[in-house]
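Below is one structure, written out as structure tokens; comments come after it.
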Amino acid sequence: LVSCLNIINNEILWDFRHNEKILSGLAVDTKNIYFVDYAGYLNALSIKGFLEWRAFVGEVYAPPLISSESVIIRTSSNRFISLNIVDGQELWAYQLPIPSLSMRSWGEMSLKDNVVYSGLSSGKIISLNASNGSLIWETTYSQPKGASEIERSNDTTSKPVVDDSIVYIVASSGNVAALSRVDGGVLWSRPLSSFVGMGADDEMLYITHNSGSIYAVDKESNKVKWRNSDFLGRDVSKPVFYKNYVIISDYEGYLHFLDNETGQALARIKVSSSILLEPIVIPDSENLIICSISGDIMVIAINSIEYKAKVKSEADEKTNLNDDINDEEKIQAKSVQDDESIIDTLIFWD
């Protein structure tokens, strides 16, 4: 079932019931909504909820990637296919060798300036021309280690982070690296493994280590600015940068807010009884969309923690400097001191 909901009041605008279970997606542009089902078909729904076309592509775990005139998918057999967004006709295909052992991952592709970036097995990454599928470069940024195939498994399961001139990538069992977008040359590389991936702001990479620790790595120097190990074994998500917060979710249904400068945990709230997926920032708003693996959808509005800190500081100062403050004002000041949550409103969608 694919549903379209009003983000303000959660009104269901339309439902589309598909005959097959959905395997990967959704991807959305101004015309269509794309997803791949278990039968191996890429489906295109109009924004009104009508099936426009479907095309057989095979087994696909990575979400579709939308270019200007096409939708690009990567199959589990390392085949990249570009299809016309109007009728689903194949525009080009690029086949890579099939590895002897790899993970069935949901790793995403990235698109920048009409170039597709995708991590591969064996610690590799490629860039393809989105217009014609030609290979621009292929680089090994994390050498596999170990005697057996399982030990040497070093897939890239996360989404590349692309800046103006650099692409950042992390392996599931190896290194995080910065590469030149021009020729794929490795600018720096350091040991740090992540299966779920990383978020970023202008200066830092925020990486969820396989252990559950969160790292902040400087993009330019590759130095670790801070590490938070409070979430070991909690199966935390990829970090999402929002304002001055690094936001992660865990297997118990908690959202955690970390200070992006220090890594200190600022607040947390339990919003579900099941695993939460990566939070989605709603552009030009104060809200986040949170989905759980059990199917709950929530919109969360949060206040600015700087404002909370300012109010709390003023309350502390007022309490300390004025011993004659009346009981009502003391109660109000104590309330501000105790309220360290940055969560403002929870809107639950049934």
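Details
- Long-range HN-HN contacts of W226 with modeled amide H, under 5 Å: A216
- Region 153-216: equivalent-ellipsoid semi-axes (sqrt of 5 x gyration tensor eigenvalues, Cα, Å): 18, 14, 9
- Karplus-derived 3J(HN,Hα), 6.51/-1.76/1.60, for each residue of region 184-191, Hz, glycine and proline x: x, x, 6, 7, 7, 8, 8, x
- Sulfur and carbon atoms: percent of accessible area, region 166-277 [1.4 Å]: 47 percent
- Peptides 33-46, 211-224 ordered by packing proxy, namely the average of other Cβ atoms within 10 Å per residue, highest first: 33-46, 211-224.
- Stokes-Einstein translational diffusion, region 146-290 - Kirkwood Rh over all Cα pairs, 0.692 mPa s, 37 °C, in µm²/s: 209 µm²/s
- Cα-derived Rg over Rh, computed across region 7-148 with Rh taken as Kirkwood radius: 1.01
- Between region 153-219 and region 52-66, the Cα center-to-center distance that results, in Å: 26 Å
- Count of lysine pairs in region 10-140 with Cα separation under 27 Å (8 or more residues apart, or interchain): 5
- Per-peptide packing, taken as the mean over residues of other Cβ atoms within 10 Å, places 191-202, 121-132 in the sequence 121-132, 191-202 from highest down.
- Highest to lowest packing among 73-84, 238-249, scored as the average C-beta count within 10 Å: 238-249, 73-84
- Surface accessible to a 1.4 Å probe, per residue, for the residues of region 159-261, Å²: 38 Å²
- Just so you know, the Rg over Rh for region 3-89 is 0.97, from Cα atoms, with Rh as the Kirkwood radius.
The values are calculated or read from the model by the stated rules, or taken from the named source; none is laboratory data. These numbers come from a predicted model, not from an experiment. With ideal geometry, Cβ positions are generated from the backbone for all residues, glycine too; neighbour counts draw on all protein chains shown. Surface accessibility is based on the protein's heavy atoms, side chains included, excluding ligands, DNA and RNA. Shrake-Rupley method; radii C 1.70, N 1.55, O 1.52, S 1.80 Å.
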